[in-house]
Amino acid sequence: MYDHYWNLREKPFQNVTDVRFAYLAEQHKEGLARLIYLAKNQKTGGVLIGPYGVGKSMILELLAQNTRTDNSSKYLGISMMPGETMALARHILEFTGHSGKANDMTGALEALQDTVGNPKNDFPHTVLTIDEAQMIVDTATWQFLHLLTNITAPSRNDAPPRNAFTLILCGHVDLTNHLKLYQALAQRIQLVWNLEPLAENQTVEYIQQRIRAAGGDIWIFTDDAMRSIHRAAGGLPRLVNNLCDTALMLGCAGKLQKITREIA
């Protein structure tokens, strides 16, 4: 186990969404802040896009953590599967507490409106995130999401009805091209934020941040090694993780003191 060799409490470069290891460059901070704004103000929806492995799921997890801490809204995160419109609808219905069955989209929407719109249920505003949304290819799902944004819940003290859901779509950059075909929903999206790969200095900070979070020496990797890893990974955190994890294993096997550019 190389973590013992490098005096680490745990492996720092696992490709899992663990907020303890979150690295937030300015673009991540800004994107997260804007999504939090949408959630807190019960806006209709937003979109988070970026290449695979850029850190979108980490932003969603931080949004979920913030929403749960704030207590003014609930959070429901769903990872989309192709052609699973009814599965998506049933998942949301189950979350609302609806106990009946919905056999089609019309029934699902009616059941949602009845459940959410019933004052006795006191339905909380819900931040609904759909990850891998670029996989949505069928018209039925887009129509369902559009109609979902129309659903309102009663407010207290005779205030006007409020949006029941803030819809956050997250996915590869192809998502925006799909969305352009469905203007009824696109017009309800109030924010599109694009996460870019890390710059070279950010990749260095990213590597050192994760090593620090695992209790290690941030200079296990030489500066040249980290810059070499940045070039090979194109600044994508997921690929940086893969390369760093393998480099630490090779360094351990070779009983090295540092991870050099040659090892990287």
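The values are calculated or read from the model by the stated rules, or taken from the named source; none is laboratory data. On a predicted model such as this, the values are computed, not experimentally measured, just so you know. Backbone-built Cβ (ideal geometry, glycine too); neighbour counts: all protein chains shown. Note: areas computed on protein heavy atoms with side chains; ligands, DNA, RNA excluded. Shrake-Rupley method; radii C 1.70, N 1.55, O 1.52, S 1.80 Å.
Size descriptors for the chain, from the alpha-carbon set: Rg then Dmax equal 21.6, 71 Å. Report, to the nearest 10°, how far helix 85-96 tilts away from the longest principal axis of the Cα atoms in the chain, using its own Cα long axis and a range of 0 to 90°. The answer is roughly 80 degrees.
Give me the percent relative contact order of the chain, please, defined on Cα pairs under 8 angstrom at least 6 residues apart. Don't skip to the answer; put the middle values down first.
Details: 435 pairs, mean separation 74.3, N = 264.
Computed over the chain, the figure is 28 percent.
Entry for the stretch 114-189 at q = 0.13, 0.25, 0.28 Å⁻¹: log10 I(q)/I(0) = -0.45, -1.14, -1.33, Debye formula applied to identical alpha-carbon scatterers, no solvent contribution. Per-residue extension of 0.36 nm, minus the Cα-Cα distance of residue 61 and residue 121, leaves a gain of 18.9 nm for this segment. Among the protein heavy atoms, those of residue 226 account for about 0 Å² of accessible surface (1.4 Å probe, every chain in place).
Out of every Cα-Cα pair in the stretch 192-264, what percent are more than 19 Å apart? List each step's numbers first, then the result.
Working: 727 of 2628 pairs.
Tail of the P(r) past 19 Å holds 28 percent of the pairs.
The H on the amide N of residue 162, modeled in the peptide plane, is under 5 Å from the matching H of 153, 155, each at least 5 residues off or on a different chain.
Cα axis of helix 105-117 to longest principal axis of the chain: angle in degrees, 0 to 90, nearest 10? Its long axis makes an angle of about 80 degrees.
Taking the longest Cα principal axis of the chain as reference, the axis of helix 200-213 is set at about 90 degrees.
Roughly how many Å² is the accessible area per residue of the stretch 95-192, as a whole number, for a 1.4 Å probe? Intermediate values should be presented prior to the final figure.
Numbers: 4850 Å² over 98 residues.
Per-residue value: 49 Å².
Distance between the modelled labels on residue 30 and residue 250, one decimal in nanometres: 3.6 nm (7 Å Cα→Cβ projection). Largest accessible area first, the residues 26, 84 order themselves as 26, 84 under a 1.4 Å probe with ligands, DNA and RNA left out. Across 16, 204, the residue with the most accessible area heads the list, and the full order at a 1.4 Å probe is 16, 204. Note on the stretch 157-232: Cα-only Rg and Dmax are 20.8, 63 Å.
Considering only beta bridges that DSSP places wholly inside the chain, some 10 percent are antiparallel.
Suppose the chain between residue 162 and residue 2 were pulled fully straight at 0.36 nm per residue; how much longer would it get relative to their current alpha carbon spacing? If you can, show how the numbers build up before the last one.
Values: separation 160, 0.36 × 160 = 57.60 nm, distance 5.27 nm.
Once the chain is fully extended between residue 162 and residue 2, it gains 52.3 nm.
Ignoring any ligand, DNA or RNA, what whole percent of the accessible area of the chain comes from carbon and sulfur when the probe is 1.4 angstrom?
Carbon plus sulfur share of accessible area: 50 percent.
Solvent exposure of residue 258, expressed as accessible area, is near 80 Å², computed with a probe of 1.4 Å over the protein chains only.
A 26 angstrom limit on the alpha carbon distance is what I want to check against. Which of 11/258; 29/258; 101/180; 11/74; 40/120 exceed it? Don't skip to the end; give the middle numbers.
Working: 11/258 16 Å; 29/258 32 Å; 101/180 32 Å; 11/74 32 Å; 40/120 23 Å.
Table pairs above 26 Å Cα-Cα are 29/258; 101/180; 11/74.
Computing FRET efficiency as 1/(1 + (r/R0)^6) for residue 150 and residue 173, where r is the C-beta to C-beta distance and R0 is 25 Å, gives about 0.35. Overall dimensions of the stretch 1-147, expressed as equivalent-ellipsoid semi-axes from the Cα gyration tensor (√(5λ), whole Å, largest first), are 33, 18, 16.
Charges at C-beta only: +1 for Lys and Arg, -1 for Asp and Glu. How large is the resulting dipole of the stretch 65-211 about its Cα centre, in Debye rounded to 20?
Values: 10 positive and 15 negative charges, 83 e Å.
With only Lys, Arg, Asp and Glu charged at Cβ, the dipole is about 400 debye.
The orientation-averaged shadow of the Cα convex hull for the stretch 33-89, equal to a quarter of the hull surface, comes to 4.7 nm². Here r is the Cβ-Cβ distance between residue 187 and residue 15 and R0 is 45 Å; the resulting FRET efficiency, rounded to 0.05, is 0.80. Mean residue ellipticity at 222 nm, helices only, the chain: -14000 deg cm²/dmol; runs of at least 4 DSSP H residues each add -39,500 (n - 2.57), and the sum is divided by the number of residues. The heavy atoms of residue 69 offer some 100 square angstrom of accessible surface to a 1.4 angstrom probe.
Remark: relative contact order (the stretch 139-249) = 18 percent; criterion is Cα-Cα distance under 8 angstrom and separation of 6 or more residues.
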